[in-house]
Amino acid sequence: MAKDSKTKTIKKKEVPIVIDEKLPSGFFTSTGKQDPSAGRRWYVIHTYSGYEHAVKKALEQRIETMGMQNHIFNVLVPTEKVMVMKKGKLVEEEKRIFPGYVLVDMIVTDESWYVVRNTPNVTGFVGSGTVPVPVSGDEFKIIKRQIGQQEPVFKIDVNLGDAVVIRTGPFARYEGVINSVDDEKGKVKVLVSIFGRETPVELDFDQIQKK
């Protein structure tokens, strides 16, 4: 039988996707779909320190350009307001709660995993091997509580046993040793030698200076 000269065979062109790591087969069902028990959860990705906000911005751009809004919903760099000592004064700053980590609210599939994992400055998901492990409900409640805190937390670079000098107040110029630190109230107790006896004196963070 003569071939019909009008009949053409069109071969579909396949564009390969190169993934530098492979998710274990057990993470998905036999049909290739994600295990429904995984669902939408918060996951943690590890980044190079100092690049957390850059990763957040880059990932948000990738979500939009690659049309992943139905799989990746939110990117979060947990921060808190803190009061820190700078040049002898308390200054309010915004600090990263988990340096080197970013939280992602997502449904994990091959495609969404690839988008997140291959974002610049992302070194991988936090989990067992290459399998992303979601943040537990209790863990996320603690994170939300810290993020939602209105009053800034006091932070000071001193530890128990550190030698300090009292800067102001009735014990100005006295030297002592840190006995306790209360970050919540922004206060410390310093053991000061008064009349030959060690006496605990409660002071504000801005009243002391490390020797």
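The values are calculated or read from the model by the stated rules, or taken from the named source; none is laboratory data. Note that the structure is predicted; figures quoted are calculated from it, not measured. Every residue, glycine as well, gets a Cβ built from its backbone with ideal geometry; the counts of neighbours run over all protein chains shown.
Remarks
- Of the residues making up segment 177-186, one or more are among the acidic types (Asp, Glu), surrounded by 12 or more Cβ atoms within 10 Å (Cβ to Cβ) and without any contact (Cβ under 8 Å) to a residue 60 or more places away in the chain.
- Restricting segment 35-75 to residues that are touching a Lys or Arg at 6+ places or on another chain (Cβ under 8 Å) and free of Cβ contacts under 8 Å to residues at least 40 places away in the same chain, the residue that is surrounded by the most Cβ atoms within 10 Å (Cβ to Cβ): 75
- Test: residue in segment 83-93 that is part of a strand (DSSP E or B), surrounded by fewer than 11 Cβ atoms within 10 Å (Cβ to Cβ), out of contact with any Gly (no Cβ under 8 Å at 6 or more places or on another chain) and touching a residue at least 24 places away in the same chain (Cβ under 8 Å): yes
- Count - residues of segment 97-126 that are buried (at least 17 other Cβ atoms within 10 Å of the Cβ) and assigned to a helix (DSSP H, G or I): 6
- Subset tally (residues that are in contact with a Phe, Trp or Tyr (Cβ under 9 Å, 6 or more places away or on another chain), modelled with pLDDT of 85 or more and not small (Gly, Ala, Ser)) for segment 188-206: 5
- Look at segment 196-211: where a residue is crowded, with 16+ Cβ neighbours inside 10 Å and a partner is of a type in the set (S, T, N, Q) and in a loop (DSSP other than H, G, I, E, B), sitting 6+ places away or on another chain with Cβ atoms under 6 Å, you get 207/168.
- Yes/no for residue 140 being more than 27 Å from the chain's Cα centre (by Cα) and of a type outside the set (Asp, Glu): no
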